[in-house]
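Please read the structure below before turning to the comments.
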Amino acid sequence: MKENFKIASVIIGTIVGAGLASGQEVLQFFSLYGKKGFIGIIICCIFYIFFLKIIIKLSIKNDLKSYKELTYFILGRKLGALIDFIISFFLFGGNVIMLSGGAALLNEYLNIPKTYAIFIMSLSSFIMAIYSTKGLVKLNSIIVPFSSAIILLIGASVLINNSPQYIYNQIYSSLPIKSNFILSSILYASFNTVSASGVLCPLVHEYKEKKHFISGCTIGSIVLTILVLIINLSIIVYAPKSYYFEIPNLYLSKVSDSLLPPFVSAAILLEMFSTEISDLYSIAKAFQFSFKISYINALIIIILFSIPFAFIGFSNLINILYPAFGAAGILFCAACMVKYDRNL
């Protein structure tokens, strides 16, 4: 059971990231669809369990060592090369986004100059990523419980400070600002599944106890769903004001409990750090097997290339990268399903 939770923590830590920990992803992909957003969250849970199971089975059966090998295996060389480029670009971009965002938080709360903050984040990530699989599992087994506890505390504060009738009325009367919640849910689930595959493939290859992966991913998907449901409920209870904040969870913590904001900021920073290391791990493993270089050298190359891009800015990077990756993610997941059916 302990191994199941280790795998679950890696999946949660990879998917949660700063966007979910801040509440911004939940707002954009679910809350703005009103009460239908809750259905969308359940769709995501089913999607995660179904496709992560497929990715695990394909990786074990065909001894796939990285997301690049998986992409080429399911799509062939030509289309696989295109999707591999998009995935690599997104994972690299995700690493840069977390580097930039983490540095911005250090700058804002500790008054560390942006340049120094970027180098602190880069060096810390490199040191942690050196420990490869063991480091990734250990890090997430610490960060995920802390971040989950903070989200649960936000949810508890919202429930304590509002009557059941008011909460019910807010949910029931919440009007959708966006349409097509199903497409939004699938896009969100697909690019998170691809991000998770970047960690899962090398993890499955290196981990001896492979029997824990499916149950671990199922546990991770369910816990993740509960956390997203709590965030979504909290945002809707304080709507429409909560819709206008860049970090909804920080706003929720301020109106619910004056002691929570510093812990929410810490959780967001730690999740940025965790996601950055997951992305570094994924790309470095792909580089290691593709270019026949050491894992450490791959890490150094990626971090050196990441630092200049980290100065572009957090929000600008998100707007550039996320839409294209969502579309590529749908194609990736569909190809996984087709290949899995043929390999039964």
Inset, instruction - Mind telling me which of Gly76, Gly93, Gly13 comes out most flexible in a GNM of the chain, alpha-carbon contacts under 10 Å? - result: Gly76
Inset, instruction - Rank Gln288, Leu269, Pro248 by how far each Cα sits towards the positive end of the charge dipole of region 204-344 (+1 on Lys, Arg Cβ; -1 on Asp, Glu Cβ) and give me just the farthest. - result: Gln288
Legend entry - Within the chain, helix-based [θ] at 222 nm, where runs of 4 or more DSSP H residues each add -39,500 (n - 2.57), nearest 500: -29500 deg cm²/dmol
Legend entry - Shape box of the chain [Cα atoms, principal axes, largest first, Å]: 58, 49, 38
Legend entry - aspartates and glutamates whose Cα lies under 17 Å from that of Lys208, excluding same-chain neighbours fewer than 8 positions away: Glu3, Asp63
Inset, instruction - State the answer as a single residue: which of Ser100, Ile143, Val158 lies farthest towards the positive end of the charge dipole of region 2-342, with beta carbon charges of +1 for Lys and Arg and -1 for Asp and Glu, about the Cα centre. - result: Ile143
Legend entry - Folded to 0 to 90 degrees: helix 212-237 orientation relative to the chain principal axis, Cα: 30 degrees
Legend entry - Electrostatic dipole magnitude of the chain [Cβ: Lys, Arg +1; Asp, Glu -1; Cα centre; debye, to 20]: 820 debye
Legend entry - Tilt relative to the chain, helix 314-342 - C-alpha long axis, 0 to 90 degrees, to 10: 60 degrees
Inset, instruction - Measure nothing fancy, just the Cα-based angle from helix 164-173's long axis to the longest principal axis of the chain, in degrees from 0 to 90, nearest 10. - result: 70 degrees
Legend entry - Sequence of Asp84, Asp63, Asp257, Asp279 once ranked by neighbouring C-beta atoms within 10 Å, starting from the fewest: Asp63, Asp257, Asp84, Asp279
Legend entry - Among the listed pairs Lys61/Lys339; Lys65/Lys339; Lys53/Lys292, those beyond 21 Å (Cα-Cα): Lys53/Lys292
Inset, instruction - Quick one: P(r) of region 173-234 from all Cα-Cα pairs, 5 Å bins, percents rounded to integers, in order of increasing distance. - result: 4, 13, 16, 24, 16, 11, 8, 4, 3, 1, 0
Inset, instruction - For region 55-78 and region 200-270, compute the distance between their C-alpha centroids and round to whole Å. - result: 29 Å
Inset, instruction - For the chain, with a Gaussian network of springs between Cα atoms less than 10 Å apart, report the residue from Ile49, Ile301, Ile330 with the top mean-square fluctuation. - result: Ile301
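Computed from the coordinates by the stated procedures, all read-outs in this text should not be read as laboratory data. Keep in mind the model is a prediction, meaning the values are calculated, not measured. Positions of Cβ are backbone-derived with ideal geometry, glycine not excepted, and every protein chain shown enters the neighbour counts.
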